[in-house]
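Some notes on the structure that comes next.
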Amino acid sequence: MEKTETKNKMAAVPVKKLLLSMGTPIVLSMLMQALYNIVDSAFVSNIQGDGEAALNALTLAFPLQMLMVAIGIGTGIGANALLSKSLGQGDKEKVNRTAGNAVFLGFLIFIVFVLFGIFGVKPYIASQTQNAVVSDMAVGYLQICMILSFGAVFFNLFEKLLQSTGHSTYSSIAQITGALTNIVLDPILIFGWLGLPEMGVKGAAYATVIGQIVSFLLSLLFHIKANRNISNHPKYWKPSGKIIKEIYLIGLPAIVAQALMSVMTYGMNLILGAISESMVTAYGLYYKIQQFVLFAAFGLRDAITPIISFNYGMGNRKRIQEGMKYGILFTSIVMLVGILIVEAFASPFAKLFDLSGSTNSYFISAVRIISLSFLFAGANVAFQGIFQALDGGTESLLVSLGRQLVFIFPFAWIFASMAKSNPDYYWLVWLTFLIAEELSFAIACGLLKRIYKKKVQPLKLEESGCPHEK
């Protein structure tokens with residue numbers, strides 16, 4: 001088979017250089033997304049007279065939005081890993097069918113979101129609040145985001161298709177452009193600038209979906225331009241049970257892993273709320289700060305997965321080993337820098353959010369203690385990318401369950417009970433995250449050793465580029 005430019009790049013460029021060239025733009029785009037999350041909340045909170053109600057409305061919508069993102073990204077991750085491996089194996093037919101089935105799944109997911117937007121949003125919001133003002137805002141916001149979700153769904157898919165072929169710069173340009181569009185449109189549509197009507201929370205929703213549509217259209221354009229070795233013929237959209245099963249063997253654990261973030265945040269809010277509402281506020285603000293660090297790890301993970309997956313398809317043990325080594329190394333360096341920055345600027349961050357009293361103390365203590373877990377968290381995220389690349393969706397899911405559910409809630413409940421008995425012990429609750437990441441890291445190391453011995457060690461060490469048989 002004649003080698004394509006993508007194959008040459010993924011197979012021949014030194015892994016360290018390849019990881020940096022692919023990972024850097026993804027990390028930058030993820031950081032832009034983290035920045036948007038803060039800016040969006042800042043604009044909404046300044047809605048005249050209803051700022052607090054608007055923030056509450058977005059808070060109620062957040063878990064379902066996270067679930068939407070989880071389904072889109074998880075499906076994209078599954079298609080990413082399968083397509084990269086198929087490229088490495090030289091199976092062009094499977095490459096085309098994987099991309100086509102990803103598009104089919106995108107249409108299916110969008111239809112489900114539209115139906116829930118029409119029939120499910122009102123009862124979903126009603127289950128959380130009896131406040132008519134907040135409820136109306138939340139329903140209006142969420143219905144717009146779900147019924148017009150095609151931009152979000154298809155961007156997530158085409159973003160991963162671009163990343164799977166080594167074109168992460170294009171996917172990052174699309175994401176950053178969409179995020180900037182969102183940020184620019186937020187005040188215009190929320191407050192009615194430039195002669196437009198003042199739409200409040202609905203304006204924030206329209207800004208969001210317009211930004212997502214911009215990202216989707218750009219990613220589609222880049223996909224057609226850059227991924228010329230992938231056919232976009234509609235015949236490949238025909239669903240294949242085998243292909244879909246392979247996509248979700250990897251993608252379903254990723255979906256669950258993403259969804260666990262919402263479950264963890266909701267559960268921690270309940271536990272912390274039993275101690276003090278100020279602790280809930282402090283944790284919520286800390287969560288936004290830590291996104292800047294953890295999103296960088298997610299960006300590197302999205303570069304690690306296609307590189308290792310491609311070379312796994314080729315049966316190239318040496319480049320898989322290098323992908324694992326440099327992926328974990330670079331992620332650890334980023335996490336260490338993140339710890340230093342967050343620790344150094346704990347007090348300035350508190351002033352930025354204009355915190356005072358007990359909320360200020362809770363926030364600073366959270367920053368000081370939880371940020372120590374970054375190093376283990378980064379390694380766990382890198383391990384998950386490696387597992388996904390080696391068809392280890394189950395291993396990836398086990399790590400996610402450990403760090404975001406199994407170890408979090410028992411320790412948080414125990415420490416919260418101690419804090420309720422003696423308020424001076426409130427800081428123990430923040431140790432929950434450090435303990436959960438350390439225990440998950442130990443499990444991840446054991447899983448990595450097992451999957452390496454089973455799937456990587458039997459491969460040829462030399463860079464032969466020959467597909468392996470399993």
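Observations on the structure shown:
- Size of the stretch 146-252 as Cα extents on the principal axes (Å, biggest first): 51, 26, 24
- Note on the stretch 144-197: Cα-Cα pairs beyond 15 Å make up 60% of the total pair count.
- Virtual spin-label span in nm between Ile333 and His233, 7 Å along Cα→Cβ: 4.5 nm
- Listed by chain and number, the lysines whose C-alpha is less than 21 Å from the C-alpha of Lys202, apart from same-chain residues fewer than 8 away, are Lys122.
- Radius of gyration and Dmax over the Cα atoms of the stretch 76-182, both given in Å: 17.7, 58
- Beyond 20 Å, the tail of the calculated P(r) for the stretch 356-450 holds 42 percent of the Cα pairs.
- Residue separation of Ala442 and Lys420 scaled by 0.36 nm, minus their Cα-Cα distance, works out to 4.9 nm of gained length.
- Cross-link pairs exceeding 18 Å between alpha carbons, from the set Lys85/Lys238; Lys160/Lys453; Lys16/Lys454; Lys318/Lys454; Lys17/Lys225; Lys325/Lys453: Lys85/Lys238; Lys160/Lys453; Lys16/Lys454; Lys17/Lys225.
- Compactness index (Cα Rg / 2.2 N^0.38 Å), the stretch 99-142: 1.53
- Its Cα gyration tensor gives the stretch 325-385 an equivalent ellipsoid. The semi-axes, each the square root of 5 times an eigenvalue, are 28, 11, 7 Å from largest down.
- Residues of type lysines that Lys420 reaches as a straight line, Cα spacing below 27 Å, ignoring anything fewer than 8 places off in the same chain: Lys288
- Over the chain: helical MRE at 222 nm, DSSP H runs n ≥ 4 each giving -39500 (n - 2.57), nearest 500: -27500 deg cm²/dmol
- With every protein chain in place and a 1.4 angstrom probe, the accessible-area ranking of Asp391, Asp424, Asp40, largest first, reads Asp424, Asp391, Asp40.
- Whole-Hz couplings from phi, Karplus 6.51/-1.76/1.60, listed for the stretch 109-116; x for Gly and Pro: 4, 4, 4, 4, 5, 4, 4, 5
- Axis of helix 317-344 versus longest Cα principal axis of the chain: the two differ by about 20°, to the nearest ten degrees.
- Rg/Rg_globular for the stretch 385-441, with Rg_globular taken as 2.2 N^0.38 Å and Rg from C-alpha atoms: 1.42
The values are calculated or read from the model by the stated rules, or taken from the named source; none is laboratory data. Because the structure is a prediction, the values reported are computed rather than measured. Cβ atoms come from the backbone with ideal geometry, glycine included; neighbour counts cover every protein chain shown. The accessibility values were calculated without ligands, DNA or RNA, using every heavy atom of the protein model including side chains. Shrake-Rupley method; radii C 1.70, N 1.55, O 1.52, S 1.80 Å.
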